[in-house]
Amino acid sequence: MGVLKTYRWLDKFLIISVYGVEHFHSTKVHCPHCLVKTHRDGTTAYTHSMLCSVLVHPQQAAVFVVGAEPIVCQDGATKNDCERSADKRLLKAMALSYTGQRLLYVNDALYATGPHIKQVRDNKWDFIMGVKPDGHKALFTKWEALRKTGNLLQMHTYRDEKGAVHRFEFFNGTALNEANPAYKVNFIHYQQVDGNGKTTPFSWVTSLIISKKNVMEIMQAGRSRWKIENETFNTLKNQGYGFGHNYGHGQQHLATTLAYLMLMAFTTDQLIQWCSQPFQVLWKEAKTKAKLWHTFRALFMVKPLTSFRHLYQETAYL
Ligand SMILES: [Zn+2]
């Protein structure tokens, strides 16, 4: 249907963002695979989460889940260990499904580690990852030092049509940290100053060589990560999928199976949303997806329906 064509960023890359989402939570029901968290007040929470790879684009509203891996714990592992090992499995599965595709990973600072970057680069993929002063001290120390001397650091300021100022400072070819001197990354520090003088800072490392020509685009791709949080998972939680609702834990794999089913329903809906003009018309009229799902459900209760087209026609008559 040409969806991927419109999602190629700079005509080359498919931007993939990774996000863990909790879909089961209980203080009583649990199994050996639950993530266990003991709160300060002594209560224990048992949860199941899913790590999702999601295709995003800075200028596109729809996002597509292209991979999912349950975050399940082994004996004695902490939540971070679990998420990291799920990430390793997910990257392996992505390598099998998307060989030859130019993927660009956009991750938050939790993923800006030597092993994760190595696994991404081993597949010949690129990345833009958030970094933070407390987790990436060596990078920020180098940035501060370059600021003082003015050596090698490149600066670029741009004012957009809305009056916001975008300030960039960047340098290419530096080690990620002392533990991984072999992994060279390119560093970018960005500040957005809006019309009221409010400043929002971001920092990233990337495998792409940064220049004044592409720095604005790299920033936009880096920020597209938040689309996942704002769009995918808000949709899953609030637009009628009930992803945060406990549908059941079961004995072994029920919670995970239900999460997969919800992701499949969501993916099918996203594809229909993109490809079906009748759906787009109905959605516009209904204003929210939740309202549209209510109408569809009501029709299912009272009428035999032979196809999606039939369902849309009946909805249109209402
Ligand atoms: Zn469990």
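At least 3 residues being under 21 Å from Pro115 (Cα atoms) and modelled with pLDDT of 90 or more is the threshold, and among the strands (runs of 3 or more DSSP E) wholly inside region 35-95 those reaching it are 44-56, 64-71.
Would you pick out the residues in region 105-139 that are surrounded by 21 or more Cβ atoms within 10 Å (Cβ to Cβ) and of a type in the set (A, V, I, L, M, F, W, C)? Within region 105-139, Val106, Ala112, Ile117, Val120, Trp125, Phe127, Ile128, Met129, Val131, Leu139 meet the criteria. Condition (residue is within 13 Å of the ligand (Cβ to nearest atom), exposed (fewer than 13 other Cβ atoms within 10 Å of the Cβ), more than 22 Å from the chain's Cα centre (by Cα) and part of a loop (DSSP other than H, G, I, E, B)) applied to region 12-28: is it met by at least one residue? For region 12-28, residues within 13 Å of the ligand (Cβ to nearest atom), exposed (fewer than 13 other Cβ atoms within 10 Å of the Cβ), more than 22 Å from the chain's Cα centre (by Cα) and part of a loop (DSSP other than H, G, I, E, B): present.
Among the residues making up region 249-260, those that are modelled with pLDDT of 85 or more and more than 16 Å from Gly67 (Cβ to Cβ) are His249, Gly250, Gln251, His253, Leu254, Ala255, Thr257, Leu258.
Filter region 199-216 for residues that are in contact with a helix residue (DSSP H, G or I) (Cβ under 8 Å, 6 or more places away or on another chain) and outside any strand (DSSP E or B); which is nearest to Val120 (Cα to Cα)?
The initial filter retains those residues of region 199-216 that are in contact with a helix residue (DSSP H, G or I) (Cβ under 8 Å, 6 or more places away or on another chain), namely 202-208, 210.
Okay, now just the ones that are also outside any strand (DSSP E or B), so 207-208, 210.
Values: Ser207: 10, Leu208: 13, Ile210: 19 Å.
Here the residue is Ser207.
For residues that are among the β-branched types (Val, Ile, Thr) and within 18 Å of His253 (Cβ to Cβ), tally how many sit in region 37-67.
Adding up the residues that qualify gives 1.
With respect to Arg102, is the statement that it is surrounded by fewer than 19 Cβ atoms within 10 Å (Cβ to Cβ), touching a strand residue (DSSP E or B) at 6+ places or on another chain (Cβ under 7 Å) and among the charged types (D, E, K, R) true? Write out each step before concluding.
Values: surrounded by fewer than 19 Cβ atoms within 10 Å (Cβ to Cβ): yes; touching a strand residue (DSSP E or B) at 6+ places or on another chain (Cβ under 7 Å): yes; among the charged types (D, E, K, R): yes.
Spelling it out, Arg102 is indeed surrounded by fewer than 19 Cβ atoms within 10 Å (Cβ to Cβ), touching a strand residue (DSSP E or B) at 6+ places or on another chain (Cβ under 7 Å) and among the charged types (D, E, K, R).
For region 269-283, which positions are more than 26 Å from the chain's Cα centre (by Cα) and exposed (fewer than 13 other Cβ atoms within 10 Å of the Cβ)? First the steps, then the outcome.
Looking only at region 269-283, we keep the residues that are more than 26 Å from the chain's Cα centre (by Cα), and these are 277-278, 281-282.
Within region 269-283, Gln277 is the sole residue that qualifies.
Take Val3 and tell me if it is buried (at least 20 other Cβ atoms within 10 Å of the Cβ), more than 16 Å from the ligand (Cβ to nearest atom) and modelled with pLDDT under 90. For Val3, the condition - buried (at least 20 other Cβ atoms within 10 Å of the Cβ), more than 16 Å from the ligand (Cβ to nearest atom) and modelled with pLDDT under 90 - is not met. Taking the criterion of being within 16 Å of the ligand (Cβ to nearest atom) and under 16 Å from Tyr7 (Cβ atoms), no residue of region 31-66 qualifies. Scan region 72-87 and tell me whether some residue there is within 19 Å of Met129 (Cβ to Cβ), exposed (fewer than 13 other Cβ atoms within 10 Å of the Cβ) and of a type outside the set (A, V, I, L, M, F, W, C). Taking every residue of region 72-87 in turn, at least one turns out to be within 19 Å of Met129 (Cβ to Cβ), exposed (fewer than 13 other Cβ atoms within 10 Å of the Cβ) and of a type outside the set (A, V, I, L, M, F, W, C). Note on region 101-198: enclosed strands (runs of 3 or more DSSP E) holding 2 or more residues that are farther than 19 Å from Lys88 by Cβ are 126-130, 154-159, 165-175, 184-193.
The values are calculated or read from the model by the stated rules, or taken from the named source; none is laboratory data. The structure presented is a predicted model; accordingly, all values stated were derived computationally and were not measured. No Cβ is skipped: glycine too gets one built from the backbone with ideal geometry, and neighbour counts run over all protein chains shown.
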